[in-house]
Amino acid sequence: MSEKNNLEIRLARSSDMEAVFSLESYWPFAPHWSKPQLEAELSRPGSIFLTAQFLSDIGGYLIGRVFEKEIQILSVSVSPRYPRQGIAASLLEEALASARLKGCARATLEVSERNLPALSLYRKLGFQIVGKRAKFYNDGSSALLMDKLL
Ligand SMILES: CC(C)(COP(=O)(O)OP(=O)(O)OC[C@H]1O[C@@H](n2cnc3c(N)ncnc32)[C@H](O)[C@@H]1OP(=O)(O)O)[C@@H](O)C(=O)NCCC(=O)NCCS
């Protein structure tokens with residue numbers, strides 16, 4: 001789908017799922033989907049499931065779902081080996097471009113108020129905070145609802 005500086009963003013494949021699952025399990029802020037849930041997402045109608053191939057490794061992934069004219073970003077994680085290489089930003093840009101082509105007018109997501117790297121990432125990509133669910137997560141933190149017009 002897109003390729004620059006050793007980074008290729010492409011549709012996720014079944015053979016990526018082991019690497020995706022280990023990233024998904026590694027990060028406390030990831031939603032912690034099971035392997036069967038990840039596999040099911042590959043063929044789910046409306047799913048935008050991307051992986052980032054970085055230096056012949058799976059450097060990160062993104063899962064979004066298109067519903068009517070909206071894409072909801074459900075999960076974005078990047079390998080702890082490759083921080084601040086632009087992998088998450090590239091995954092998001094590709095997902096948003098793909099959603100635009102499918103007729104989406106808005107992107108939405110939820111993020112913990114304590115997840116400062118992700119908040120900074122989403123702000124940089126043009127998302128704005130539009131709501132809050134108090135004490136939504138198990139650690140007592142609130143969920144911030146963010147959106148961006150496409
Ligand atoms: C948040 C996360 C996805 C960022 O991935 P990344 O590939 O390192 O991010 P990028 O290199 O694309 O960074 C883009 C911007 O995000 C922000 N950012 C990323 N990591 C940051 C950090 N540790 N601290 C502050 N800002 C950060 C910056 O604005 C950055 O731009 P800059 O490098 O030009 O300053 C990654 O740290 C991660 O996987 N975290 C754990 C999982 C998670 O929390 N996912 C989100 C909720 S599901």
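The values are calculated or read from the model by the stated rules, or taken from the named source; none is laboratory data. What you see is a predicted model, and the numbers here were worked out from it, not measured in a lab. Ideal geometry is used to build each Cβ from the backbone, glycine not excepted, and the neighbour counts take in all protein chains shown. When the accessible area is computed, the model is the full protein with side chains, heavy atoms only, and any ligands, DNA or RNA have been set aside. Shrake-Rupley method; radii C 1.70, N 1.55, O 1.52, S 1.80 Å.
Does at least one position in the range 34-45 carry a residue that is more than 25 Å from LEU101 (Cα to Cα) and either of a type in the set (A, V, I, L, M, F, W, C) or in a strand (DSSP E or B) (or both)?
No, because not a single residue in the range 34-45 is more than 25 Å from LEU101 (Cα to Cα) and either of a type in the set (A, V, I, L, M, F, W, C) or in a strand (DSSP E or B) (or both).
Step by step: first the residues of the range 117-150, then only those that are more than 8 Å from the ligand (Cβ to nearest atom) and basic (Lys, Arg), then the one that is nearest to ILE73 (Cα to Cα). Which residue is that?
LYS148
Which of the residues spanning the range 1-57 are touching a residue at least 24 places away in the same chain (Cβ under 8 Å), small (Gly, Ala, Ser) and either under 24 Å from GLU110 (Cβ atoms) or touching a strand residue (DSSP E or B) at 6+ places or on another chain (Cβ under 6 Å) (or both)?
Answer for the range 1-57, where residues must be touching a residue at least 24 places away in the same chain (Cβ under 8 Å), small (Gly, Ala, Ser) and either under 24 Å from GLU110 (Cβ atoms) or touching a strand residue (DSSP E or B) at 6+ places or on another chain (Cβ under 6 Å) (or both): SER2, ALA12, ALA19, ALA30, ALA52.
Can you tell me which residue within the range 69-116, out of those that are more than 14 Å from the ligand (Cβ to nearest atom) and part of a helix (DSSP H, G or I), is surrounded by the most Cβ atoms within 10 Å (Cβ to Cβ)?
In this case the residue turns out to be ALA99.
Identify all residues within the range 31-40 that are surrounded by 14 or more Cβ atoms within 10 Å (Cβ to Cβ) and within 11 Å of the ligand (Cβ to nearest atom); write none if there are none.
Just the residues of the range 31-40 that are surrounded by 14 or more Cβ atoms within 10 Å (Cβ to Cβ), to begin with: 33, 37-39.
Once the filter is applied, which keeps residues that are surrounded by 14 or more Cβ atoms within 10 Å (Cβ to Cβ) and within 11 Å of the ligand (Cβ to nearest atom), the range 31-40 yields only TRP33.
Would you pick out the residues in the range 9-30 that are open to solvent by less than 60 Å² (accessible area, probe 1.4 Å) and under 17 Å from ARG65 (Cβ atoms)?
Matches in the range 9-30: ALA12, VAL20, GLU24, ALA30.
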